Amino acid sequence: MARWPARGRCKRRLAVGTGLDGAARVQAALTRHAVAVARQVARHLELELVLASSGIGARASDRWAHQLGCDGALTQGRGGLGLRLQRQVQRAFAAGVQRLVLIGSDLPDLHCRDLEEAFAALEEVPVVLGPAHDGGYWLIGLNHPCPGLFCGVPWGGSTVLASTEALATARNLTWKRLRRQGDLDRPADLERWR
């Protein structure tokens, strides 16, 4: 899931320290990195890599996905993060997907082994989560649609991961955590990756 790297339309919190053009460049570089890692894993595990974009229309999304080397493209659509995540889950499982892993595009420390571990874990548990340092998650993997897993989550807060795990537990869904890592949202986050 990625936002189109347009000046003033992405990484607004980061732009405080980098400027609007700098934030857009960082967004573009992070997206290229995430897609390159995912593309390697997709080839190795014979999976389909789909770019779910926001900030651009369907035709532009198709072109961008093709430029990045993705197998397909979708737009995220309107609404908050929970609704946009749920929409991607519904689309994927309606299309016959058996294991789905969603990641963001702001993960400078993403490695192939992270995604490989997520897909392997989905052979054993229905939900896989990659915890983020800020209390959210950088990855969610599912082996079935899991309705309601995105409802009532305080998106953008420090309890996103805990809320999601509680929702999974309440639905008798076992889950596994991957390694904790940081996403890149604020100028202080950028300092760790220079």
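The values are calculated or read from the model by the stated rules, or taken from the named source; none is laboratory data. Keep in mind that what you see is a predicted model, and the values were worked out from it rather than measured. Don't worry about glycine lacking a Cβ; one is built from the backbone with ideal geometry, like all the others, and counts go over all protein chains shown.
Would it be correct to say that PRO147 is on the phi < 0 side of the Ramachandran plot, at pLDDT below 95 and of a type outside the set (Gly, Ala, Ser)? Even if it seems obvious, please write down each step before you answer.
Numbers: on the phi < 0 side of the Ramachandran plot: yes; at pLDDT below 95: yes; of a type outside the set (Gly, Ala, Ser): yes.
Judged against the criteria, PRO147 is a match.
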Screening LEU107, LEU81, LEU85 for residues that are crowded, with 20+ Cβ neighbours inside 10 Å, over 21 Å from GLN40 (Cβ atoms) and either hydroxyl-bearing (Ser, Thr, Tyr) or within 14 Å of the chain's Cα centre (by Cα) (or both) leaves only LEU85
List the strands (runs of 3 or more DSSP E) that sit entirely inside the stretch 45-132 and contain at least 1 residues that are modelled with pLDDT of 95 or more and more than 22 Å from LEU167 (Cβ to Cβ).
-> 50-54, 72-75
Identity of the residue in the stretch 92-113, touching a Gly at 6+ places or on another chain (Cβ under 9 Å) and free of Cβ contacts under 8 Å to residues at least 60 places away in the same chain, that ends up nearest to LEU139 (Cα to Cα) | VAL101
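Quick one: which residue in GLY72, GLY96 is closer than 27 Å to ASN172 by Cβ and either among the small types (Gly, Ala, Ser) or crowded, with 21+ Cβ neighbours inside 10 Å (or both)? Steps first, answer last, please.
On the way: GLY72 fails: closer than 27 Å to ASN172 by Cβ.
After applying the criteria, what remains is GLY96.
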The listed residue being of a type outside the set (Ser, Thr, Tyr), more than 30 Å from ALA60 (Cβ to Cβ) and assigned to a loop (DSSP other than H, G, I, E, B), out of GLY156, GLY135 | GLY135
Residues of the stretch 37-72 being within 17 Å of GLU116 (Cβ to Cβ) and free of Cβ contacts under 8 Å to residues at least 24 places away in the same chain, in sequence order, are ARG43, GLU46, LEU49
Scanning for something under 18 Å from ARG91 (Cβ atoms) and without any contact (Cβ under 8 Å) to a residue 60 or more places away in the chain, does the stretch 114-122 turn up at least one residue?
-> yes
